[in-house]
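> Before I ask anything, here is the structure I am working with.
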Amino acid sequence: MPETMDIEEYLRQGGVLTNPSNVPPRYRGELLRLMATFVDSELAGSAGFAAMINEAPGLKARIAAARIVLEKTDHAERVLTLMGTFGADTARYAVHHPWAARLPRDADLGAARHGSDMRLSVFHYPLQGWVDAVVMNVLMGRAVGVQLQEFSHLSYAPLADVFRQIAPREARHAGLGEEGLIRIVATESGCAEARRSVAFWRPRIAASFGREGSARFDTLRRFGLRRRTNEDLAAAWAAEMDALLPAFGMA
């Protein structure tokens, strides 16, 4: 970065940062918030899905579920390691919150955070059985894909690199869910149960993209931490759902 250029102007023009030492305070705060949201969501998501492993119908499905739990925890650790370079207490972090805790199924959270961690609101809702877990994994897996596509270009290079590395594995998680959903919707009762789960999870996952007209978006865009608005990301995901769900008989 040229010494005469203001760091915010450098970021606005597409510059990247590579270590904590040259990160301005406001940027640092927004970056840590972004990382904490990802880490907490991965830990909460994996904790919730872990309870479903023994409900899987067969060894192949159990292996797939266990792999998802393992890899999501690994993804959280990778980003948490970066948080440690900013001073986060990584040893205490992973055991500091009750990641498996959930609110009642009928809670109306919208996009609001709840409790002491930074998980997305959707990870406060409990899973109800194997079919529900598979449907949630399919829908949320595609939402994660949209988010990671966005975050793979952010201006803090070490974090962008991590997101690019984990994106293929997160995509595979969604793919494993889709393989399971094919088997579920092969029966009339399974298809009906899956439809009910889609009706429950779709609006809650849509809300996880954040509020429309977010006041923080301009700051994030100026810092190179976001490019597309919450509305744009939610619309991209909705378009994927409109193309995907009819293939499973759930138009």
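The values are calculated or read from the model by the stated rules, or taken from the named source; none is laboratory data. Model, not experiment: these values are computed from the prediction. Note that each Cβ is placed from the backbone with ideal geometry, even for glycine, and that neighbours are counted across all protein chains shown. Accessible surface is based on the protein model in full, side chains and every heavy atom, while ligands, DNA and RNA are left aside. Shrake-Rupley method; radii C 1.70, N 1.55, O 1.52, S 1.80 Å.
> So which of 56, 61, 66 ends up being within 24 Å of the chain's Cα centre (by Cα) and open to solvent by 20 Å² or more (accessible area, probe 1.4 Å)? I'd like the intermediate steps shown before the answer.
Details: 56 fails: open to solvent by 20 Å² or more (accessible area, probe 1.4 Å); 61 fails: open to solvent by 20 Å² or more (accessible area, probe 1.4 Å).
The conditions single out 66.
> In addition: Would you say residue 158 is open to solvent by 30 Å² or more (accessible area, probe 1.4 Å), part of a helix (DSSP H, G or I), modelled with pLDDT of 95 or more and closer than 15 Å to residue 39 by Cβ?
Considered against the rule, which asks whether it is open to solvent by 30 Å² or more (accessible area, probe 1.4 Å), part of a helix (DSSP H, G or I), modelled with pLDDT of 95 or more and closer than 15 Å to residue 39 by Cβ, residue 158 comes out as yes.
> So which residues in the range 92-127 are within 24 Å of residue 180 (Cβ to Cβ) and touching a Ser or Thr at 6+ places or on another chain (Cβ under 8 Å)?
In the first step, residues of the range 92-127 are kept if they are within 24 Å of residue 180 (Cβ to Cβ); the result is 99-100, 102, 105, 119-120, 122-127.
99, 119, 120, 122, 123, listed by residue number.
> Looking at residue 195, is it among the charged types (D, E, K, R), open to solvent by 30 Å² or more (accessible area, probe 1.4 Å) and within 14 Å of the chain's Cα centre (by Cα)?
Details: among the charged types (D, E, K, R): yes; open to solvent by 30 Å² or more (accessible area, probe 1.4 Å): yes; within 14 Å of the chain's Cα centre (by Cα): no.
So residue 195 fails the test.
> Taking residue 164, is it within 29 Å of residue 59 (Cα to Cα), assigned to a helix (DSSP H, G or I) and of a type in the set (D, E, K, R)? If you could, list the steps in order and put the result at the bottom.
Working: within 29 Å of residue 59 (Cα to Cα): no; assigned to a helix (DSSP H, G or I): yes; of a type in the set (D, E, K, R): yes.
No.
> Determine whether residue 110 is within 24 Å of residue 30 (Cβ to Cβ), open to solvent by 20 Å² or more (accessible area, probe 1.4 Å), in contact (Cβ under 8 Å) with a residue 12 or more places away in the chain and not in a helix (DSSP H, G or I).
Values: within 24 Å of residue 30 (Cβ to Cβ): yes; open to solvent by 20 Å² or more (accessible area, probe 1.4 Å): yes; in contact (Cβ under 8 Å) with a residue 12 or more places away in the chain: yes; not in a helix (DSSP H, G or I): yes.
Yes, satisfied.
> Now a separate question. Within the range 91-106, is even one residue over 26 Å from residue 64 (Cα atoms) and open to solvent by less than 20 Å² (accessible area, probe 1.4 Å)?
Among the residues of the range 91-106, not one is over 26 Å from residue 64 (Cα atoms) and open to solvent by less than 20 Å² (accessible area, probe 1.4 Å), which makes the answer no.
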